[in-house]
Amino acid sequence: MMGKLTNSCFFITITVYLMAACNLKPEQAKDLPVSINVWYGDHQSFGFTGLPQKWINILGDIKSEEGIREAFYSLNQGAPVQLTLGSDLHRLAADGDFNIDISVEDCNSGENIVEIVAIDSSGNRVSRVVDIEVQMGKQWPLPYSIQWSKVSNLQEVAQVVDGFWEITENGVRNVDSYYDRMIAFGDESWVNYEVSTTVIFHDFTPPVDGPPTYEVSHAAIASRWPGHGFDGLQPNRQWYPLGATSEFRLTTELDSCRWRIFDGPKPGSIDFYVEQPVEAYRSIELNRKYGMKHRVESIAADSTRYSVKLWPFDQPEPEEWDFYGIEQEENLASGSVTLIAHNTNVTFGDVLVTPIEDK
């Protein structure tokens, strides 16, 4: 399957098995009282275009009629790591959902084994392992484009960070509407660039105080993304530091929707946060296609401008940006792109990323 290894890259193979304590054959697994489902298949590839973040995410869910007493995973027969099963009001949406975030640095060059184990309340034990290959050392090309009609495997053109996504005739759509459903592309070599796509808002959860909306429902493009920060949780929840996230917020009546751009907490410094004023609020129609564009560019030392626009796709693209913000003390000088659906059900269309020359 793979070519020769070079000094700058290596391949990680995570082998996945499906078995029970009594050595059931794979075809018998469907009859087990516990099922471990891996959403993106038992054979996944990472890094063949590049790595957009420092984590590899294995996503899925565990189902049991008896209820799950314990779930964990291990890497290369190492110490078991307790799995958090959803809902956790953050990255895990439905009952039984899991997201295994494995640091690339923890993987060996060559073959690695991740075993997922679930034990139900009656003591039935089932384990499953997934085949994953990861190539290290590739630099994600820029410019970069995705034509969803030509994609059969989502993980070949992007990396799913959170959520259950599917490719449709209109683009890529999140099946589960919840907190920060995310897909990423690009890598730490990306500095100044412009991201163009389209978005269709199919449905949304009206924003309210507290989880899981945390007062906002939106579709967003975030730039200079390195991956979630380590916070000791499983999976990690800390979504900063990053360059900035540009979120188009929906309101309950869809009559005062607007942009906001921010970068999260900055210890010892002033947070970067800007939001469109009331006179710029607008109405949005569900199931209508909109053009969506985000630009990130360093304009001076420690000064970065983030610009955004959204317009009905059946109308000409406006020459002017809807809104922009200038961050005086940047969090990160480079990083990948994420498309985000936060408590919305959306379809993102074809993607084009083009470089912006340094100012």
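The values are calculated or read from the model by the stated rules, or taken from the named source; none is laboratory data. Quick caveat: nothing in here was measured; it's all calculated off a predicted structure. Neighbour counts run over all protein chains shown; Cβ positions are idealised from the backbone, glycine included.
Give me the residue from the range 161-189 that is among the hydroxyl-bearing types (Ser, Thr, Tyr) and surrounded by fewer than 23 Cβ atoms within 10 Å (Cβ to Cβ) and, out of that set, farthest from Ser103 (Cα to Cα). Walk me through it before giving the result.
First pass over the range 161-189, keeping only residues among the hydroxyl-bearing types (Ser, Thr, Tyr): 168, 177-179, 189.
Narrowing further to those that are surrounded by fewer than 23 Cβ atoms within 10 Å (Cβ to Cβ): 168, 177, 189.
Working: Thr168: 31, Ser177: 26, Ser189: 19 Å.
Of everything passing the filter in the range 161-189, Thr168 is farthest from Ser103 (Cα to Cα).
Looking at (1) closer than 21 Å to Leu339 by Cα; (2) within 22 Å of the chain's Cα centre (by Cα); (3) hydrophobic (A, V, I, L, M, F, W, C), which is the one condition that is false for Ile284?
The one condition Ile284 does not meet is (2).
Quick check: is even one residue across the range 68-89 of a type outside the set (S, T, N, Q), in contact (Cβ under 8 Å) with a residue 40 or more places away in the chain, outside the structural domain of Pro211 (by TED's automatic domain parsing) and under 25 Å from Thr205 (Cβ atoms)?
Yes - at least one qualifying residue is present in the range 68-89.
So Ile102 ticks every box in (1) modelled with pLDDT under 95; (2) assigned to a loop (DSSP other than H, G, I, E, B) but one. Which box is left unticked?
Checking Ile102 against (1) modelled with pLDDT under 95; (2) assigned to a loop (DSSP other than H, G, I, E, B), the one that fails is (2).
Of the conditions (1) assigned to a loop (DSSP other than H, G, I, E, B); (2) of a type in the set (Ser, Thr, Tyr); (3) crowded, with 20+ Cβ neighbours inside 10 Å, Ser152 satisfies every one except a single condition; which number is it?
(3)
Restrict the check to the range 8-19 and report whether at least one residue is modelled with pLDDT of 85 or more, of a type in the set (A, V, I, L, M), outside the structural domain of Leu339 (by TED's automatic domain parsing) and crowded, with 17+ Cβ neighbours inside 10 Å.
no
So which of Ser246, Ser334, Ser298 is part of a loop (DSSP other than H, G, I, E, B) and either surrounded by 15 or more Cβ atoms within 10 Å (Cβ to Cβ) or modelled with pLDDT under 95 (or both)? Show your work before the answer.
On the way: Ser246 fails: part of a loop (DSSP other than H, G, I, E, B); Ser298 fails: part of a loop (DSSP other than H, G, I, E, B).
Among Ser246, Ser334, Ser298, only Ser334 is part of a loop (DSSP other than H, G, I, E, B) and either surrounded by 15 or more Cβ atoms within 10 Å (Cβ to Cβ) or modelled with pLDDT under 95 (or both).
Yes/no per residue for (1) more than 29 Å from Ala93 (Cβ to Cβ); (2) without any contact (Cβ under 8 Å) to a residue 12 or more places away in the chain; (3) not assigned by TED's automatic domain parsing to the domain that holds Val191:
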residue: Pro267; (1), (2), (3): yes, yes, no
residue: Thr304; (1), (2), (3): yes, no, no
residue: Pro316; (1), (2), (3): yes, yes, no
residue: Leu332; (1), (2), (3): no, no, no
residue: Thr347; (1), (2), (3): no, no, no
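Of all the strands (runs of 3 or more DSSP E) wholly in the range 166-214, which have at least 2 residues that are outside the structural domain of Ile56 (by TED's automatic domain parsing) and either without any contact (Cβ under 8 Å) to a residue 12 or more places away in the chain or among the polar types (S, T, N, Q) (or both)?
Values: elements: 171-174, 181-185, 193-204.
Correct list: 193-204.
Take the range 118-134 and flag every residue that is surrounded by 21 or more Cβ atoms within 10 Å (Cβ to Cβ) and closer than 19 Å to Gln44 by Cα.
Selection gives Arg128, Val129, Val130, Ile132, Val134.
I'd like the full set of residues that are surrounded by fewer than 17 Cβ atoms within 10 Å (Cβ to Cβ) and either of a type in the set (Phe, Trp, Tyr) or at pLDDT below 95 (or both), limited to the range 249-294.
Selection gives Gly264, Pro265, Lys266, Pro267, Gly268, Ser269, Ile270, Asp271, Tyr273, Tyr281.
Evaluate the following for Asp61: is it surrounded by 13 or more Cβ atoms within 10 Å (Cβ to Cβ), of a type in the set (Asp, Glu) and within 21 Å of the chain's Cα centre (by Cα)?
On the way: surrounded by 13 or more Cβ atoms within 10 Å (Cβ to Cβ): yes; of a type in the set (Asp, Glu): yes; within 21 Å of the chain's Cα centre (by Cα): yes.
Taking the combined requirement at face value, the residue satisfies it.
Could you tell me which numbered condition Phe185 fails, if it satisfies all but one of (1) within 24 Å of Leu310 (Cα to Cα); (2) at pLDDT below 95?
Of the numbered conditions (1) within 24 Å of Leu310 (Cα to Cα); (2) at pLDDT below 95, the odd one out for Phe185 is (2).
Of Glu329, Glu357, Glu317, which residue is in contact with a strand residue (DSSP E or B) (Cβ under 9 Å, 6 or more places away or on another chain), surrounded by fewer than 18 Cβ atoms within 10 Å (Cβ to Cβ) and within 30 Å of Thr205 (Cα to Cα)?
Working: Glu329 fails: within 30 Å of Thr205 (Cα to Cα); Glu357 fails: within 30 Å of Thr205 (Cα to Cα).
Just a single option satisfies the conditions, and that option is Glu317.
Based on what the data block shows, is Leu85 in a loop (DSSP other than H, G, I, E, B), among the hydrophobic types (A, V, I, L, M, F, W, C) and closer than 20 Å to Gln159 by Cα? If you could, list the steps in order and put the result at the bottom.
Working: in a loop (DSSP other than H, G, I, E, B): yes; among the hydrophobic types (A, V, I, L, M, F, W, C): yes; closer than 20 Å to Gln159 by Cα: no.
So Leu85 fails the test.
Quick check on my filter: what residues within the range 156-165 are outside any loop (DSSP other than H, G, I, E, B) and either among the basic types (Lys, Arg) or within 16 Å of His228 (Cα to Cα) (or both)?
Step one: filter the range 156-165 for residues outside any loop (DSSP other than H, G, I, E, B), giving 156, 159-162, 165.
If the condition is that a residue be outside any loop (DSSP other than H, G, I, E, B) and either among the basic types (Lys, Arg) or within 16 Å of His228 (Cα to Cα) (or both), then Gln159, Val160, Val161, Asp162 are the ones that fit.
Return the residues of the range 105-116 that are at pLDDT below 95 and aliphatic (A, V, I, L, M); say none if nothing qualifies. If you could, list the steps in order and put the result at the bottom.
So in the range 105-116, the residues at pLDDT below 95 come out as 105-115.
Selection gives Ile113, Val114.
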